[in-house]
Each structure stands twice: as C-alpha cells, then as structure tokens.
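> Below you'll find the structure I mean.
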Amino acid sequence: MTLAAYRTLYESSVAFGMRKALHAEQNKVDMQATIRALEREKEELEAQVAGLNSKCESIERREAERRAADERKHTEDVNFLRKTHQTLTSNLQTPYSALICLLYTSPSPRDS
C-alpha cells in the first residue's frame with residue numbers, strides 16, 4: 001500500500017470514529033431527555049396514585065360510617081318491633097286472662 005492509501009484509510013477511520021462519537025453523543029442527549037420525561041411521568045403517576053389512595057380511604061371511611069348508621073337503625077328498629085310485640089302480646093293476654101278468670105269464677109248456668 002502506498003502512503004496515500006494509508007493516509008486515506010486513516011482519514012476515513014478518523015471520520016468514521018467522529019461520526020460514531022457524534023452519534024453516541026446525540027443518543028446520550030436523547031436518552032437523557034427520555035429519562036427526564038419518564039421521571040416527570042413517574043412523578044405525575046405517583047401523585048395520581050396518592051390522590052386515588054386518599055379518595056379510596058375517604059370512600060372506605062364514609063361507607064364504614066354508613067354501615068354503622070344502618071346497623072344502629074336496624075338495631076333500633078328491631079328493639080322497637082320487639083317492644084311493640086311485647087306490648088301487643090301483653091295487651092292480648094290481659095283481656096284473655098280476665099275472660100278466663102270470669103269464666104272460672106262466675107257461676108255457670110248449669111249450676112243453678
């Protein structure tokens with residue numbers, strides 16, 4: 001090979017290396033931009049997760065309060081119905097008891 005051929009090969013190699021270095025630098029810049037964009041997206045998603053978690057906790061708390069209120073109302077209704085049942089039962093038994101007493105204590109028409 002001649003000196004000119006070596007010089008051309010050397011210059012071509014240097015040019016190739018420079019192109020590769022510039023390309024690598026551009027890729028590095030692009031990757032850094034992608035990393036920044038992904039980090040911003042990650043922060044937005046974390047904020048969204050935090051918001052959804054607080055919303056979920058709020059809903060769970062509200063539903064627990066609603067269930068407790070429903071349970072209290074149900075207990076009150078059951079107690080009211082039991083008391084009403086007891087009152088009605090005693091009201092029915094009192095006249096019935098009085099009638100039985102009258103039947104057993106009054107003279108029967110056959111006895112006369």
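> For region 1-101, what is the accessible area per residue in Å², given a 1.4 Å probe and the full set of protein chains?
Details: 9260 Å² over 101 residues.
Counting only protein heavy atoms, the per-residue value for region 1-101 is 92 Å².
> Another one. Do the sum for the chain: with -39,500 (n - 2.57) for every DSSP H run of n ≥ 4, divided by all residues, what is the mean residue ellipticity at 222 nm, to the nearest 500 deg cm²/dmol?
Details: 1 runs with 103 residues, N = 112.
The helix contribution divided over the chain gives -35500 deg cm²/dmol.
> Determine, for region 1-100, the count of lysine pairs separated by eight or more sequence positions (or lying on different chains) whose alpha-carbon distance falls under 22 Å. Display every interim value, and only then the final one.
Numbers: 20/28; 28/42; 42/55; 73/83.
Eligible lysine pairs with Cα atoms under 22 Å apart amount to 4.
> Okay, moving on. Measuring from label point to label point, each 7 Å out along Cα→Cβ, what is the residue 20 to residue 60 span in nm?
Placing both labels 7 Å beyond Cα along the Cβ direction yields 5.6 nm.
> At 0.692 mPa s and 37 °C, plugging the Kirkwood radius over alpha-carbon pairs of region 1-106 into Stokes-Einstein gives what diffusion coefficient in µm²/s? Intermediate values should be presented prior to the final figure.
Numbers: Rh = 23.5 Å.
Answer from the Stokes-Einstein relation: 140 µm²/s.
> Relative to the longest principal Cα axis of the chain, at what angle does helix 3-105 sit, 0 to 90 degrees, rounded to 10?
Long axis of 3-105 versus the principal axis of the chain: about 0 degrees.
> Expressed as a whole percentage, what fraction of the accessible surface of the chain belongs to carbon and sulfur atoms when a 1.4 Å probe is rolled over the protein heavy atoms?
Details: 6440 of 10570 Å².
Result for the chain: 61 percent of the exposed heavy-atom area is carbon or sulfur.
The values are calculated or read from the model by the stated rules, or taken from the named source; none is laboratory data. Keep in mind the model is a prediction, meaning the values are calculated, not measured. When we count neighbours, we look across all protein chains shown, and the Cβ atoms used for this are built from the backbone with ideal geometry, even at glycine. Ligands, DNA and RNA are excluded from the accessible area calculation, which covers all protein heavy atoms including side chains. Shrake-Rupley method; radii C 1.70, N 1.55, O 1.52, S 1.80 Å.
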